Amino acid sequence: MKRYFLMLLTVTMAAIWVNARTLVVYYSYTENVHKIVTALSGQIEADVVRIQPAEKGLDYEANNYAIGSAQIAAIRNNPDDAASYPAIDAVDVNLADYDCIIIGAPLWWSQMAAPLQTFLFQHGAEMAGKHIGLIVSSASSGISGVEADAKRLIPGGDFFSPSLWIRSAQTSNASSLLSQWLKDINYDAVTGIEDVADNAPVYYTVYSLGGTLIGRNMTSIDNLEKGLYVVNGKKIFLLR
């Protein structure tokens, strides 16, 4: 067995690797997503940020979740207007420090919870070229609307597939569901240096630091110019 790093030494350029870092960003009102993120934190190394509405003490459950329904309707009507999104507490995080971002999202009326949409509206452009994972909690409805919101708000994101849907009744089983999902998206291979078999093909997904896709499923990085890139979720500096 050869280390993946050693295989990179066979190319015509030297590569200086910086380990990928993961950030988990989530919003939780009923605490279901909080429990899921707690279980996830026990399985991966990641920094965690919880989004909080700026207006405190709101009873989202009152009148059949009327507040949340109105917030979602405002975003649907004017998704490009910052005023459509509810205010949230300031978040002190430098997204440039992370190569992978996992989003923990409750589902509201088939959409992503409004406070989390606010964060992504404000910072989604900074996530271009990064690996994006999506975990959705809902009672029963499908998650396609939440996936669409995430891709609208992070248009340059490199999304893991599939997203993970954990129904409310499955929250107590989140640990095993998360473990399988991390395997399904090949999380360890994307965010760390992994053993690969001798002579096994290695494929590269390459972005510029600005988030422009340079190539996907590339079998070689020999033709890249000298510079700093995001390759398979890691920042590398290539030297001729």
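Once neighbouring chains are kept in place and the probe is 1.4 Å, which whole percent of the accessible area of the range 48-161 is contributed by carbon and sulfur?
Solvent-exposed carbon and sulfur of the range 48-161 make up 47 percent of the total.
Express in nm, to one decimal, how much length is gained between Gln43 and Ser179 on full extension, taking 0.36 nm for each residue of separation and deducting their alpha carbon distance.
Contour length minus Cα-Cα distance gives 48.2 nm.
Given the range 71-192, what percent of its DSSP beta bridges are antiparallel, to the nearest 5? Provide the component values of the computation, followed by the final result.
Values: 2 of 15 bridges.
Of the beta bridges lying entirely in the range 71-192, close to 15 percent run antiparallel.
Over the range 53-154, Cα pairs under 8 Å with separation of 6+ residues give a relative contact order of 28 percent. Using a 7 Å offset from Cα along Cα-Cβ at Leu58, what residues in the range 113-149 end up with backbone N under 16 Å from the label point? Inside the label zone: 113-122. What is the antiparallel percent of DSSP beta bridges lying wholly in the range 19-110, to the nearest 5? In the range 19-110, DSSP labels about 10 percent of beta bridges as antiparallel.
In the range 72-142, a dipole from Cβ-located charges (positive for Lys and Arg, negative for Asp and Glu) runs towards its positive end, and of Leu107, Ala125, Ser84 it is Leu107 whose Cα lies farthest in that direction. The range 49-75 and the range 125-151 have Cα centres separated by 19 Å.
In the assembled protein chains, Thr30 presents an accessible area of approximately 80 Å² (probe radius 1.4 Å).
The values are calculated or read from the model by the stated rules, or taken from the named source; none is laboratory data. Everything numeric in this text was worked out from a predicted model, so none of it was measured. In this analysis, Cβ positions are derived from the backbone assuming ideal geometry, glycine residues included, and neighbour counts consider all displayed protein chains. Quick note on the areas: whole protein, heavy atoms, side chains included, nothing else; ligands and nucleic acids left out. Shrake-Rupley method; radii C 1.70, N 1.55, O 1.52, S 1.80 Å.
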